[in-house]
Each structure stands twice: as structure tokens, then as C-alpha cells.
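The values are calculated or read from the model by the stated rules, or taken from the named source; none is laboratory data. Values in this document were obtained by computation on a predicted structure and should not be read as measured data. So basically every Cβ, Gly included, is an ideal-geometry build from the backbone, and we count neighbours across all protein chains shown. Quick note on the areas: whole protein, heavy atoms, side chains included, nothing else; ligands and nucleic acids left out. Shrake-Rupley method; radii C 1.70, N 1.55, O 1.52, S 1.80 Å.
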Amino acid sequence: AKIYPDGHPDLQGKKNPNHPVRYFDIRKLTPVECYSLMGVPTPQIKRLMATEQRAYTAFVGVDKELEVFRLEPSATMKEVTDAYEDAMRDYQTQREQAQQFIDAGYQDPKTRPATDDDGEEIDYGYETKEEYDIYVRKCQDELEANELYQRNHQQAYDAIRNAKTEQRYGDVQIISNSSHYKLAGNSIVCDVLMYIYEEFLYPTGRRLPQEQTDLFALPQFRLQRDWQKDPLRVVTLCSGYDSQCIAFDMLKERYPEFSYELKAWAEFDPESKRPLNEQPAVVAHNLLFPQWADRNRGDMTKCSWDDLKDAEIDFLTYSTPCQSISQAGKREGIKKDSGTRSAVLWFTEHAVEVMRPKILLQENVRALINQVNMADFREWCQLLEKHGYVNFLAPSFPISWAKEKREKKTVPGILNAKHYGVAQNRERVYMVSIRRDVLGDTQYEFPRPFELKTCIADILEENVSEKFFLKPDSVIKFLSKNEADQQAQIFYEVTDHKLSDEEIQLVRNGGHIA
């Protein structure tokens, strides 16, 4: 795409040296890059992206239509339908948000409310009437673009549905690309987990320069023994592909004497129509940890755990579903016995009662501790305390390297992936709960944040299939939504101009192409 940062040269298309042109090749992140942004190491990514030779039914003559949904010719009609429905839901959400902004009208910053009903700070996206008018135009453009997108996806879906199929034999990804995107999006950032683990297994005692010393602080908690003779005994609930165990593998790279064993895991998608062992998350888990493939308990809401009552479990993680509390979801809540997806949380109590793990780790979206969910979250915390656990949430840490004044401190209760070495602004609630008799006269301390030294360019692949590059209308929409200067009038047009090596070098050196 060509970008004219200072306005279009003129209607006749004459070149104007005062309006430099920038060229962009814009594409989607690949599944490999998405896993990298979740902190998954390269060896594990290779296992997740494994292929196998097998016979399969392939769609014929609709490769471009399949690319719209990021699918391979070997995709099943079920995968196509799922991808289509996901896209429609996304567009519907975008349309509703754009229309809500337009319908709300301009609100004077002096009189508009600062927080919403959940107590969350409202980001209006504008401070002046001029900024508001710019956003309105962008919303109107987005509504028009969404209509085009919906038509494109509908046409692609209809074409695939009516396409002929044929039998083929060859290399096929064991997990489809659409499933890879979902798996990566639903997982936990491995680096954050690793640093959390380190602080209760090999505590660093690291402090930030701006931290005030507490003379009355308790000693730092540490769980220790000869790990080679007696490995850490782990159970993970709502495991996904088990970022939790990947993080333990990463920790083992730092501390070779460390060892752990996954005694049981529970992964089950209630919305999937596939058999348990064919569900993508279960397949991914078995690709990564084949030695524990037979230990999946499936639906955690139906597990008794009695066989692990005397197993002396050290560590249990529960990253229960977030759909009902996420800001992007229906926000039905986590109230006990409400039947929502996120209310699965309460079934963790039975696992805790039976196994009595020494340490618990909860991870979820930041909305878990919003005002609307706070009463239920506190009830959960009190329940754990009743069972003999002490709960620890991350405090607010000072950040000296932050450029924005509002980011000079971390948010209490929240850990952000960008503060732990991952080039992603991903905020999540992490709560560590330690059994009171194990904790003794000590306390758990969360890992201190550190300055990010990497960026997304560091994880991008060199050679990428053309199917990941955005179509012309997608390019224009993407660029218009990501203008660096919201006040500037920037024009876009699509071009088939291919940059030469000299032009690429010029752009990399900060130059412009006339």
C-alpha cells in the first residue's frame, strides 16, 4: 500500500516532493508468530506445527476463498463454518461498537463521567470536538468497510460450501491454522508464568531501585527439596496446550536440577462436537507432552480426584474460562451456580478440597477484579481462606522507564506480559494461594517487572506464505485504524509496485520513496 502522510499530492496524480510516499507490505501474524508472542519456545512451536502424511478430502478451486478464513485446502466444512461464524461475530461486535460511538454523540470532557458502571476508567478516545469528528469519520468508514468485509466473507463461504472436493494424500498440518490462532489466543504467556514459578522455587529477591524497604517484611517463601529424587507434583485444570508446563520446561533450562511431573490435567471443550482426543487443545497438549497423554481427566466439572487424595500434590493451576467476564464477551459474570462458562471456577473447590495442593495459581482476564465481578471474586478468595490458604495478588510496582506518566506504576493485581520480556501488551490477573501450614512465617513475592528490550519485529518470520498478506481493502482498513497521528489527513491507495532491494534499504534507513 502507498501512504501519503501529508495528504494526497493532487487529483491529477502529479508527484509532489513535499508529500513523500511510504510503501507498506501488511500481513497478518502467522500461527508461529502468535505462539512466539505467547512466549512459547521454538522447539515447542515446531511440535505444535507438526504435519503428517495422510489421505484427506480437499476443496478444489477455492484456495483464495479458503485464505479469507486462514484455512488450508484440507480444512473440514466444520472448520470453515466455525471460521465464518467467528468472523461474523467479530464484525458484528465492531459494527455495534462503531455505531454506539456515533449514537453517543459528543460529550464534553468537563461533564462526562470518568468511569463506567463497573468502576473502570472510560477511554472516550477524544478530548476535543475536532478529535471527536475525526473518530466519527473513522467509525463511519469502519461501518462501510464492515459491510464490504461481510459480503466478501459471505461470498467466500458460499463458494466453499458449493465447491467440489477430491481425495488427496500428502502432508497435512495436524492442527489447522484457525485452531492454532484460537489456541494461542486462549493461552497464558509462558514467560510470566516462568517468573512467577521462579519466585517460589528459586526466589531471586530482586528489587526495583524505587522500591521502599519494609523493615518488617516477612522472609520470602520458598518450596524446596531434592527435585531429582522427588519431582514437583503438578495438576493443571482448563489446561489448554499447557503453557503452565511449558513454563516449567523453561525454568528447567535455567535450573537443570529442577524436575516436575504432571500427575493429571483436565482439558475439555463443551462446545466442540469432536471426540475428546480430537479436540484441538487436547491434540496440541499431546503433541507437546505425549508422555502424559493418558492423564487427561476431560471435563473438570465431573472429576472426583479421589485417586489423587494421597498424592501430595504440590501445585495446582486453574485458568478457568473467561468468556463470561471478558470485556469483549457478554459479561454474564462468575456468580456461583449461575451456569455461565466462567462459573466453572467454582468446580475448582472440589479439586482443592480433595487434593489439598500446597500452592494454587489462578490466571484470568483483568475483568476478574473489576467492580462488577469483585464481590464474586472476594467470595472465591474467602472460600480459599476457609480451606486454609493465604492469597497473594501482585502489588503496584514503580516503573522508572515508562514513557507515559500514567504507566509509572503497574496496576495492582495485574501482571502485564510487556513487563516480563514479551512484546505484547497483555494484562492478566494472577493470584498465588499457599496453604497456611506450608507458608509458615513467610510470604510470597511476585516477580518484579523489567524494561522490555524486544519488539514485535524480533519475532517476525523472514519467509511467509502469501496467504497471510492482507487483501487491498483489508490493508486500507488496517492503516486507517492505526494512524500514528490522528490529526493528520492521510490518504491510502493500493499499488502493485514491488520494492527493489535499494528501495527496501532506503526505507529501513528512514528514507522515503518519491
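Quick notes
- Among residues of the stretch 382-402, those that are without any contact (Cβ under 8 Å) to a residue 24 or more places away in the chain and open to solvent by 20 Å² or more (accessible area, probe 1.4 Å), counted: 4
- Verdict on PHE347 being out of contact with any helix residue (DSSP H, G or I) (no Cβ under 8 Å at 6 or more places or on another chain), of a type in the set (Phe, Trp, Tyr), under 25 Å from ARG435 (Cβ atoms) and at pLDDT 80 or above: no
- The lone criterion from (1) at pLDDT 80 or above; (2) loosely packed, with under 13 Cβ neighbours inside 10 Å; (3) in contact with a Pro (Cβ under 7 Å, 6 or more places away or on another chain) left unmet by LYS15 is number (1).
- Residues located in the stretch 252-271, provided they are in contact (Cβ under 8 Å) with a residue 24 or more places away in the chain, open to solvent by 10 Å² or more (accessible area, probe 1.4 Å), more than 11 Å from LEU316 (Cα to Cα) and not hydroxyl-bearing (Ser, Thr, Tyr): ARG254, GLU257, GLU261, GLU267, PHE268, PRO270
- Conditions (1) surrounded by fewer than 22 Cβ atoms within 10 Å (Cβ to Cβ); (2) among the acidic types (Asp, Glu); (3) more than 21 Å from PRO395 (Cβ to Cβ): number failed by GLU211: (3)
- Cross-chain or 6+ apart pairs with Cβ under 9 Å, the stretch 230-248 first and among the acidic types (Asp, Glu), then part of a loop (DSSP other than H, G, I, E, B): ASP230/SER259; ASP242/SER187; ASP242/GLU267; ASP242/PHE289
- Hits in the stretch 133-159 (condition: over 29 Å from the mean Cα position of the chain (by Cα) and closer than 30 Å to ALA55 by Cα): GLN155, ASP158, ALA159
- Count of the stretch 225-251 residues, restricted to those that are open to solvent by less than 20 Å² (accessible area, probe 1.4 Å) and outside any loop (DSSP other than H, G, I, E, B), is 12.
- In this structure, ARG206 does satisfy being touching a Lys or Arg at 6+ places or on another chain (Cβ under 6 Å), farther than 28 Å from GLU312 by Cβ and open to solvent by 50 Å² or more (accessible area, probe 1.4 Å).
- Per-region count, the stretch 406-425, residues open to solvent by less than 30 Å² (accessible area, probe 1.4 Å) and of a type in the set (S, T, N, Q): 2
- Checking each residue in the stretch 436-471 for being among the hydrophobic types (A, V, I, L, M, F, W, C), more than 18 Å from PHE200 (Cβ to Cβ), in contact (Cβ under 8 Å) with a residue 60 or more places away in the chain and in contact with a helix residue (DSSP H, G or I) (Cβ under 7 Å, 6 or more places away or on another chain) picks out ILE459, LEU460, LEU470.
- Scanning the stretch 426-478 for residues that are surrounded by fewer than 18 Cβ atoms within 10 Å (Cβ to Cβ), polar (S, T, N, Q) and either modelled with pLDDT of 90 or more or over 30 Å from PRO41 (Cα atoms) (or both) gives THR442, GLN443.
- For the stretch 46-65, filtering for residues that are open to solvent by less than 60 Å² (accessible area, probe 1.4 Å) and of a type in the set (D, E, K, R) leaves 1.
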